[in-house]
Structure formats: structure tokens, C-alpha cells
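Shown next, in C-alpha cells, is the structure this report addresses.
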Amino acid sequence: MSSRRDEFGREPFDGDEAEDLAIALAVSASGPAPSVSVRSRLMSRIAAGDPVPAGFAFSFDRDDDWQPHAVPGIRMKVLALNRERGYATLLLDVAPGTRFPPHHHGGAEECYVVSGSLYTCGRKLEAGDFVHADANSDHGELWTDEGCRVILVVPPEEHLPSHMLR
């Protein structure tokens, strides 16, 4: 038996006693059980989750909505496509050893490394690093030895297939 006591001289509950008390309180609750229809509606709402508020969109890691990229070894998720402002936010998953050929940026490109590492412009970018390329700039080859995940903010027409641009 514990010798610790609270300010009123009571011994504290241990985990088993607290669980026993919770069960006893639940069993002692009285009142009619909800009807089958109320229970069904409640369980449907719980299963569906909260509705998405207007103006919001979510993308979860568990969602299997990866798409192929034009460069072999890269798959992408389109996180957002803002046609009005002319940009797309993409998550790229780049396999180890992938090389991205030299290219021209018609529009500005922003790249944030989430994990792994990426070589560009003679520099190694690691998780937490960022690079911005102005519109009308030329980029040499990029590559990754270990693989990486990056978030890109780019003009949609430079990375998305044409069917997504309509």
C-alpha cells in the first residue's frame, strides 16, 4: 500500500483503480439507449469525418494519388493547382540515382527539400534547404544520390501533363 497521501489524507488511485472507477461510472449511467436510426446517423457522421470547410483542400501522406513525372525515377503529387495565379504546388518523390536534365525556367521555380538531398548549381541541398530560380533562367542538371522529396512551386505548364491544364 502506498504511503503517499494528498492534502486530504487520501491515497492516490493507481491505474487499475482509476480504470475500475471509470467502468463503474459508465455502467451506472442511466437513460434509454439511442434508437437504431439515431445510432446509425451518428455512426455515419463519425465514419465520414468532419466536412471540409469551403475554400480548403487537404492532401494526406496516406493518400495514394502519386502520378508519374516526365523524368523517369520521379513521381509527383499535385498538392495545389492555382490556375488564377498561374502556379502549381507539387510534392516530388525522387528515387536514388535520378538525374533531371538541364532545362529553362519560363517562370519562377521554388524548391524546398523535405527529405534526402539534391545537387544543383554546384551545391548540395539537404532537408530544410531551399532554392529559388527566377523566370527566364537556365538550370544545369540536378541529381540525387540517395533520393529525396521536394516541394516545388512552379508554373503548371512546365511540370503538369496537358490533361491537367484544361
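Evaluating 6.51 cos²θ - 1.76 cosθ + 1.60 at θ = phi - 60° for every residue in segment 143-153, the Karplus couplings come out as 7, 9, 7, 9, x, 6, 10, 9, 9, 10, 10 Hz, glycine and proline recorded as x.
Maximal additional length on extending the Asp64-Ser37 stretch stands at 6.3 nm, based on 0.36 nm per residue less the C-alpha distance.
Scanning residues 5 or more positions from His69 or on other chains, those with amide H under 5 Å from its amide H are Ile74, Met76, with H placed 1.01 Å from N in the peptide plane. Taking amide H positions as placed in the peptide plane 1.01 Å from N, state which residues far from Glu146 in sequence (5 or more) or on other chains have amide H under 5 Å from it. Answer set, sorted by chain and number: Gly97, Ser117.
Restricting segment 84-123 to trypsin sites (Lys or Arg not before Pro) that sit in a DSSP loop and have at most 14 other Cβ atoms within 10 Å of their own Cβ leaves Arg85. Using a simple spin-label model with pseudo-atoms 7 Å out from Cα toward Cβ, Ser162 and Arg75 lie 2.6 nm apart. Using only Cα coordinates, the Kirkwood hydrodynamic radius of segment 67-164 works out to 13.4 Å.
Residue ranges 159-166, 76-83, 142-149, 87-94 sort as 87-94, 142-149, 76-83, 159-166 when ordered by packing (mean number of other C-beta atoms within 10 Å per residue, highest first). Between Arg83 and Ser117, the C-beta separation translates, for a Förster distance of 25 Å, into a calculated FRET efficiency of about 0.15.
Annotation for His132 and Ala108: the two label points, set 7 Å from Cα along the Cα-Cβ direction, are 0.5 nm apart. May I ask you to derive the FRET efficiency for Asp145 and Asp50 from their Cβ-Cβ distance with R0 = 41 Å, giving the value to the nearest 0.05? For R0 = 41 Å, the calculated efficiency reads 0.45. Scanning residues 5 or more positions from Leu125 or on other chains, those with amide H under 5 Å from its amide H are Leu118, Tyr119, Thr120, with H placed 1.01 Å from N in the peptide plane.
Throughout, read-outs are computed from the coordinates displayed, never taken from laboratory work. From a predicted model like this one, the values you see are computed outputs, not experimental measurements. All Cβ positions, glycine included, derive from the backbone under ideal geometry; neighbour counts span all protein chains shown.
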